[in-house]
Structures are given as structure tokens and as C-alpha cells.
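The values are calculated or read from the model by the stated rules, or taken from the named source; none is laboratory data. Since the model is a prediction, treat every value here as computed from it, not as a measurement. When we count neighbours, we look across all protein chains shown, and the Cβ atoms used for this are built from the backbone with ideal geometry, even at glycine. Surface areas here come from the heavy atoms of the whole protein model, side chains and all, with no ligands, DNA or RNA. Shrake-Rupley method; radii C 1.70, N 1.55, O 1.52, S 1.80 Å.
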Amino acid sequence: MKNFANELNNILSDKNSSFYYPNVSLVKAVSYVQISDYNKVWLDILDYRGKIKGLIYNGYTAGIVIEKNGKALALLQGDEECTFSVYIGKDQAPGIAHGRNDYVLVKFIPKWLEIKINDKVYTSGLDEIFFSGVPVGEVFKVEEEGAYQNAYVKPYAQTKVPSYFYIVENF
């Protein structure tokens, strides 16, 4: 990530623009919210009152962080309440990622954009939850639904035994 930031800063300096600093902090998973639900964990952030933030594990998206009763609750990528914006493929087809246990369902993809099996999925950064370009996974199935299409994505991150994550700070 630091290498990417350095490359981006070199480009921005050529264009006489401001610098880009990806701001992430290390956080520890304290415990599961419920023993039978492996998609929700409490984080060791005291008095969390922030907005929704992205969670990164091993360089990949892992979920989002929300506030619940003043505590930081991590909704891992398998949780149905975990949603964030993404781009798919080289044409950067936009969509909204939704957690679904072992996969991620990307919905609201315009029908006129071609989505293929094995297309790579990255965060778009447009929702201000993640910055742009964090790898999510690869498409393994595409289906049409009304005026849109859906993409089923096998996520890169495998977070069944959480320990430490990086939380995306305000940028």
C-alpha cells in the first residue's frame, strides 16, 4: 500500500496536485458477538462513534466497521449487512457488494456492461468506506435480474479465525 501511495504521489506531484496518504490503523478482534455467528466480531476500539469504515485483512477487503452501543462492531464480508461499493473488470463496471457467507454478491450492475467469469473485483472508493483499489475477489457466476445483473464473487480474504485487521481511517 505504501508503494502504491508513493507511485500515486509521484503522479500527483507531476500534475501539481495534493498528496495521497492511505490512512489505516491496526485493530484487534476481541471476541465474536455470538458464539454461533462467525461473521460479527467486536474490535478493541473504545468509545467508537465514527462513521462506517472499511476493514482490511492480508491486503484484501474483510468487512466493514459500524457503531453498536458505542462499540466498534466488525461485520465481516460473509455478513448480509456488510455492503460497500465496487468496480468489476477492466471496464470498471460499478456495483454494490453484499456479504453472503462464503461469497460476495455484487448487485445493481448495469446490464449493458459486460461482466465475465474470473473478472477481478476491487473497491471503488466512491462510498468513502474503502479507498479505491482494494482487492475483493473474482467473479465465478453472472446472472441477470430485471434491469440489472448480479455477479457472484469468490472473496480473496478468508477470515474465519479473526485476529488483527486494518481499519480504514477517514481520508
Next item on the list: Return the carbon/sulfur percentage of the accessible area of segment 35-93, one whole number, probe 1.4 Å, all protein chains in place.
Entry: 46 percent
Notebook entry, point to check: Where the eigenvalues come from the Cα gyration tensor of segment 78-171, what are the semi-axes √(5λ) of the equivalent ellipsoid, largest first, in whole Å?
Noted result: 22, 15, 12
Check: In percent, how large is the relative contact order of segment 16-160, given Cα pairs closer than 8 Å and 6 or more residues apart?
Finding: 18 percent
Next item on the list: Starting from the amide H of G95, placed 1.01 Å from N in the peptide plane, find each other amide H under 5 Å away whose residue is 5 or more places distant or on another chain.
Entry: V86
Checklist line | Order by protection proxy (mean Cβ within 10 Å, highest first), peptides 85-97, 28-40, 46-58 | finding: 85-97, 46-58, 28-40
Note to self: Please give me the summed charge of the neighbours of F130: other residues whose Cβ is under 12 Å from its Cβ, Lys and Arg +1, Asp and Glu -1.
What the structure shows: -2
Notebook entry, point to check: What's the local net charge at V121, with K and R +1, D and E -1, over the other residues with C-beta under 13 Å away?
Noted result: +3
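Report, in debye and to the nearest 20, how large the dipole of segment 120-167 comes out about its Cα centre when Lys and Arg carry +1 and Asp and Glu carry -1 on their Cβ.
320 debye
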Note to self: Net charge within 13 Å of I167 by Cβ-Cβ distance, Lys/Arg positive one each and Asp/Glu negative one each, not counting I167 itself?
What the structure shows: 0
